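The structure under discussion appears below in the form of structure tokens.
The values are calculated or read from the model by the stated rules, or taken from the named source; none is laboratory data. Every value quoted in this text rests on a predicted model; they were computed, and no experiment measured them. Virtual Cβ from ideal backbone geometry, glycine too; neighbours counted across all protein chains shown. Just the protein is used for accessible areas: all its heavy atoms, side chains included, with ligands, DNA and RNA removed. Shrake-Rupley method; radii C 1.70, N 1.55, O 1.52, S 1.80 Å.
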Amino acid sequence: MSKVEMMVNGRKVAGEVEDRTLLVHFLRENLGMTGTHVGCDTSQCGACVVHLDGKAVKSCSMLAAQASGSDVITIEGLAAGGELHPVQAAFKEHHGLQCGFCTPGMIMAAVDMINRHPGGLDEKTVRAELEGNICRCTGYHNIVKAILAASGQMSAGAARAA
Amino acid sequence: MYQTNYHRASSVDDAVKLLKSSDDGKLLAGGMTLIAAMKTRLAAPSDLIDLRHVGELKGISVAGKEVTIAAGTTHAEVAAHGELARACHAICHLASHIGDPHVRHMGTIGGSIANNDPAADYPAGLLALGATIVTNSREIAADDYFTGMFETALEEGEVVTAVKFTAPDQCGYAKFPNPASRYALTGVFVARRGGEVRVAVTGAGDDGVFRATAIEEALAGSFDPSALEGVSVSADDLMSDIHASADYRANLVVVMAKRAVAAAKG
Ligand SMILES: Cc1cc2nc3c(=O)[nH]c(=O)nc-3n(C[C@H](O)[C@H](O)[C@H](O)COP(=O)(O)OP(=O)(O)OC[C@H]3O[C@@H](n4cnc5c(N)ncnc54)[C@H](O)[C@@H]3O)c2cc1C
Ligand code: FES
Ligand code: FES
């Protein structure tokens, strides 16, 4: 057993887990935060994406013990004060989801992608960057639209703030 | 996943000690191969020794043409390194096409070459660059290091600490990715130093990464895609699987080599 301690969405959490416990299972089962999904067992689908110390990672391919001491942000941590995050709002506006299973991972991947491209994104880049996120429903078209819209809005916001 | 015991190493020496004192322990870097294999019970190490917090295994240094990449450097860090891109852009390009962004945030160069997957990208890069693999106990030339499919010259308990190479005059990498996994169905790295050209092929060989001597000779005469018109590669020792036949891969080797040379000439 390992004692793990980390910040999850700004809150300090701790627990005793088997060393083999995956981060995604720690989040879902120990913390009851079921927003992060598991869609495969081959590390390919991206439904489990969270941010670890500011970077998008697959929480199904990392032990909770590996993440101990880190800062984790999950889909539950995006909305502030009851307001959807701009990427969440864009997915709603552009109908970027159908069943919604892939959506938490898509949105966490999208936020990371936008953060890494502060100058903005084009369609080709968005499609290439979505390589690690699989959607069985939408055909990706509206997901790409939503990410482009959010990216445009967020970089315009950053330009105003500067 | 079977039970395992997690340890966090504080230094390379500490990792070596932890590995020695474990029953059937394994080093853990990004986990993008190892944790994935443990989830499907293809691997079941008694102990995991996590290298991700070892400071001496991180970072890239570029001094003129001399490049050193520490083993724990992630694919994303290699892809985004400006100074490295100026010295050897092809290695950054290669790293930027491994898997997906999330895999690149965790996966490391040390983990990739210790694993030596026959379809991994880095083995082609390091073999073509004539790199040196540095471990906790010695230095190994890439020509002697990659010994076969999932096989390397590493001894039990040996830790890769860095790779180093002299940046070539020109280099390029082209891969035909497997459309599902993004691993190389065939990937070719070319590097030219003066009149010497080295060409390494991944994803296609029956026994892992290899040097394509027929292509090297043709390119030594003229470092141009046109030098490869009419050059063919034997399908004898190439891989056949559900994704592509050996003949198809033999053709891809030449096509990717032409694209890699075109990329090298920018
Ligand atoms: C969805 C997906 C797509 C991928 N696509 C590609 C691709 O397109 N191209 C590609 O090349 N790879 C691909 N990979 C593999 C990826 O690049 C891995 O990161 C890499 O192969 C292993 O690196 P790691 O740091 O994650 O190592 P780990 O998984 O932690 O370890 C792998 C092995 O190396 C050993 N090891 C680790 N570090 C050291 C060290 N310093 N010294 C000695 N032994 C060590 C471990 O004990 C283990 O046996 C993909 C992986 C996934 C999950
Ligand atoms: S659950 Fe599919 S990649 Fe993590
Ligand atoms: S909306 Fe159903 S999997 Fe993407």
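A probe of 1.4 angstrom, applied to the heavy atoms of all protein chains, finds B:Met32 with accessible area near 40 square angstrom. Mean separation of Cα pairs under 8 Å and 6 or more residues apart, divided by the residue count, gives chain B a relative contact order of 15 percent.
Modelled label positions at A:Ala80 and B:Ser245, each set 7 Å beyond Cα in the direction of Cβ, lie 6.0 nm from each other.
How large is the convex hull of the Cα atoms of the range B:5-50 per residue, expressed in Å³ as a whole number?
Values: hull volume 2.7 nm³, N = 46.
Measuring per residue, one finds 59 Å³ for the Cα hull of the range B:5-50.
Residue-wise HN-Hα couplings along the range B:12-22, as the Karplus relation 6.51 cos²θ - 1.76 cosθ + 1.60 with θ = phi - 60° gives them from phi, are 5, 4, 4, 4, 4, 5, 4, 5, 4, 7, 8 Hz; Gly and Pro carry x. Look at the stretch B:93-105: the mean tally of other chain Cβ atoms within 10 Å of its residues' Cβ atoms is 6.
Ellipticity at 222 nm from helices only: DSSP H runs of n ≥ 4 in the protein assembly as shown, each -39500 (n - 2.57), divided by the residue count, give -9500 deg cm²/dmol. Across every direction, the projection of the convex hull enclosing the Cα atoms of chain B has a mean area of 13.5 nm². Of the residues B:Ser10, B:Ser181, ranked by 1.4 Å probe accessible area with the largest first, the sequence reads B:Ser10, B:Ser181.
I'd like to check one number: the per residue accessible area of the range B:170-264, probe 1.4 Å, reported in Å² as a whole number. Please report the intermediate quantities before stating the final value.
Numbers: 3940 Å² over 95 residues.
On a per-residue basis, the range B:170-264 sits at 42 Å².
The solvent-accessible area of A:Glu131, taken with every protein chain present and a 1.4 Å probe, is close to 60 Å².
Residues whose amide H lies under 5 Å from that of B:Thr74, counting only those 5 or more places away or on a different chain, are absent; hydrogens are built 1.01 Å from N in the peptide plane.
Please report the projected area of the range B:170-264's Cα convex hull averaged over all directions, in nm².
Working: hull surface 21.7 nm².
Result: a mean projected hull area of 5.4 nm².
Which whole number gives the average, over all residues in B:43-54, of C-beta atoms from other chains lying within 10 Å of the residue C-beta?
On the way: counts 0, 1, 0, 0, 1, 5, 0, 4, 0, 2, 2, 0.
Mean shielding count: 1.
Across A:Met7, B:Met1, A:Met108, the residue with the most accessible area heads the list, and the full order at a 1.4 Å probe is A:Met7, B:Met1, A:Met108.
How big is the protein assembly as shown by the Kirkwood estimate over distinct Cα pairs, in Å? Write down the numbers at each step before the final one.
On the way: mean 1/r = 0.0442 Å⁻¹.
Result for the protein assembly as shown, one decimal place: 22.6 Å.
Computed about its Cα centre, the charge dipole of the protein assembly as shown is approximately 1280 debye, with only Lys, Arg, Asp and Glu carrying charge at their Cβ.
So which of A:Lys55/B:Lys265; A:Lys124/B:Lys164; A:Lys12/A:Lys92; A:Lys55/B:Lys58; A:Lys58/B:Lys39; A:Lys55/B:Lys26 end up more than 22 Å apart, counting from Cα to Cα? Before the final figure, lay out each step's value.
On the way: A:Lys55/B:Lys265 34 Å; A:Lys124/B:Lys164 34 Å; A:Lys12/A:Lys92 30 Å; A:Lys55/B:Lys58 17 Å; A:Lys58/B:Lys39 13 Å; A:Lys55/B:Lys26 25 Å.
Beyond 22 Å: A:Lys55/B:Lys265; A:Lys124/B:Lys164; A:Lys12/A:Lys92; A:Lys55/B:Lys26.
Here the scattering of the range A:9-162 is modelled by Debye summation over its C-alpha atoms, one equal scatterer each and no solvent; at q = 0.11, 0.16, 0.17 Å⁻¹ the log10 of I(q)/I(0) is -0.42, -0.87, -0.97. The stretch between A:Ala128 and A:Asn30, if pulled fully straight at 0.36 nm per residue, gains 31.9 nm over its current Cα-Cα span.
On average over all directions, what projected area in square nanometres does the range A:2-77 have, based on the convex hull of its Cα atoms? Provide the component values of the computation, followed by the final result.
Details: hull surface 17.1 nm².
Reported value for the Cα convex hull: 4.3 nm².
Close amide H partners of B:Asp50, meaning residues 5 or more places away or on another chain with modelled amide H under 5 Å apart, are B:His7, B:Arg8, B:Ala9, B:Leu28.
All other residues with a Cβ under 15 Å from the Cβ of B:Asp247 taken together, and with Lys, Arg as +1 and Asp, Glu as -1, what is their net charge?
Here the charged neighbours net out to -3.
List the accessible area buried at the contact between A and B, summed over both sides and calculated with a 1.4 Å probe, in Å² to the nearest 100.
Values: alone 8490 and 11960 Å², together 18120 Å².
What A and B bury together is about 2300 Å².
Per-residue surface analysis assigns B:Val233 an accessible area of about 30 Å², computed on protein heavy atoms at 1.4 Å probe radius. Evaluated with a Cβ-only charge set (Lys, Arg +1; Asp, Glu -1), the range B:59-166 carries a dipole of roughly 420 debye about its Cα centre, given to the nearest 20.
Taking the chain by itself as reference, the range A:54-70 contains these residues with an accessible-area loss of 50 Å² or more in the full protein complex (1.4 Å probe, heavy atoms): A:Lys58, A:Ser61, A:Leu63, A:Gln66.
Charging the Cβ of each Asp and Glu at -1 and of each Lys and Arg at +1, and nothing else, the dipole of the range B:170-264 about its Cα centre rounds to 480 debye. Among B:Ala85, B:Thr68, B:Met149, which residue has its Cα positioned farthest towards the positive end of the charge dipole of the range B:59-166, with +1 placed on the Cβ of Lys and Arg, -1 on the Cβ of Asp and Glu, and the dipole taken about the Cα centre? Of B:Ala85, B:Thr68, B:Met149, it is B:Ala85. If you take all other residues with their beta carbon under 13 Å from the beta carbon of A:Asp41, and give Lys and Arg +1 and Asp and Glu -1, the sum is +3. Could you pull out every residue, at least 5 positions away or on a different chain, whose amide H is within less than 5 Å of the one on B:Thr147? Hs are placed 1.01 Å off N in the peptide plane, and Pro or chain starts have none. It is B:Thr152, B:Ala153, by chain and number.
Let me check I have the definition right: for the range B:1-100, take the eigenvalues of the Cα gyration tensor, multiply each by 5, take square roots. What are those semi-axes in whole Å, largest first? Intermediate values should be presented prior to the final figure.
Numbers: eigenvalues 180, 60, 13 Å².
That gives 30, 17, 8 Å for the three semi-axes.
With a 1.4 Å probe rolled over the protein heavy atoms of all chains, the accessible area of B:Tyr2, A:Tyr140, B:Tyr122 falls in the order B:Tyr2, A:Tyr140, B:Tyr122, largest first. Note on the protein assembly as shown: dipole from Cβ charges, positive end direction compared against A:Val24, A:Ala67, A:Thr125; the farthest Cα belongs to A:Thr125.
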